[in-house]
1. Of these, A26, A36, which one is more than 21 Å from W175 (Cβ to Cβ) and aliphatic (A, V, I, L, M)?
2. Might you let me know whether the stretch 76-92 holds any residue that is closer than 21 Å to K35 by Cα, hydrophobic (A, V, I, L, M, F, W, C) and over 13 Å from the mean Cα position of the chain (by Cα)?
3. In the stretch 27-43, which residue that is of a type in the set (A, V, I, L, M, F, W, C) and more than 13 Å from the chain's Cα centre (by Cα) is modelled with the lowest pLDDT?
4. Give T118, T174 a once-over and let me know the one that is among the hydroxyl-bearing types (S, T, Y), out of contact with any strand residue (DSSP E or B) (no Cβ under 6 Å at 6 or more places or on another chain) and more than 18 Å from A10 (Cα to Cα).
5. M150 passes all but one of (1) free of Cβ contacts under 8 Å to residues at least 24 places away in the same chain; (2) within 27 Å of N16 (Cα to Cα); which number fails?
6. With the condition being in contact with a Leu (Cβ under 8 Å, 6 or more places away or on another chain), I'd like the helices (runs of 4 or more DSSP H) fully within the stretch 1-73 carrying at least 1 qualifying residues.
7. Sort out which residues of the stretch 1-25 are of a type in the set (A, V, I, L, M) and over 25 Å from I147 (Cβ atoms), and write them in order of number.
Amino acid sequence: MAGVIRNKGAFKLSLNRNYFLVLCKAIIGQQISTKAAESITQRFKSLFPSQTPTPKKVAVISAIKLRQSGLSGQKVKYLKDLAARFLDGSIRPRRFPLLGNEEVVETLTSVYGIGRWTAEMFLIFSLNRTDILPLGDLGLQAGIKKIYNMRSLPSPKKMLALGKKWHPMETVATWYAWRVQDAEIITY
């Protein structure tokens, strides 16, 4: 890992406090390539004045328009549920910085279509938590495999063992593992 850090340079993690948009982008990016996610996100944002989706705007826009931006029917449902949760107060964004990691995960995974991975990306990119080890992240798995010259992707047990060595900076190690796979810095 030390060699990777020297090679890739300083750790840089952008902070995005537009929690709703971060979660929209995370939902859009589920199970598709980074390039496809970026393209669909741009089309999604262009549906709204000044390219700023808000819970209220997403709640009232038609599912047909959302589908025309490239979103699957399932992701449209996810985004609509997310908007409804922001509007009805079940998600209270101002409380997120005060909650522990697992409390944030629990709150977010109550939204239809948001699983642990999406919640962990939120913890990393919106709350800038340094102690997140997203075990289900394929980029992290592939990065660890490459850094440690493994024959196959590491098991969750192996990743947890490495995570203990990195604690409390698991996010930093994850960021460097991502850089081994893709030099472009991901933002949400």
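The values are calculated or read from the model by the stated rules, or taken from the named source; none is laboratory data. Quick caveat, the model's predicted, so the values are computed rather than measured. Reconstructed Cβ throughout: ideal geometry from the backbone, glycine too, with neighbour counts over all protein chains shown.
1. Going through A26, A36 in turn, just one is more than 21 Å from W175 (Cβ to Cβ) and aliphatic (A, V, I, L, M): A36.
2. Checking the stretch 76-92: at least one residue is closer than 21 Å to K35 by Cα, hydrophobic (A, V, I, L, M, F, W, C) and over 13 Å from the mean Cα position of the chain (by Cα).
3. Result: A36.
4. None of the others qualify; the one that does is T118.
5. (2)
6. On the way: elements: 2-8, 19-28, 34-45, 55-60, 63-68.
The helices (runs of 4 or more DSSP H) meeting that bar are 19-28, 34-45, 55-60, 63-68.
7. Once the filter is applied, which keeps residues that are of a type in the set (A, V, I, L, M) and over 25 Å from I147 (Cβ atoms), the stretch 1-25 yields L15, L21, V22, L23.
One line per residue, one yes/no per condition, for (1) surrounded by 13 or more Cβ atoms within 10 Å (Cβ to Cβ); (2) in the same structural domain as E38 (by TED's automatic domain parsing):
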site	(1), (2)
S90	no, yes
V105	yes, yes
K158	yes, no
Y176	yes, no
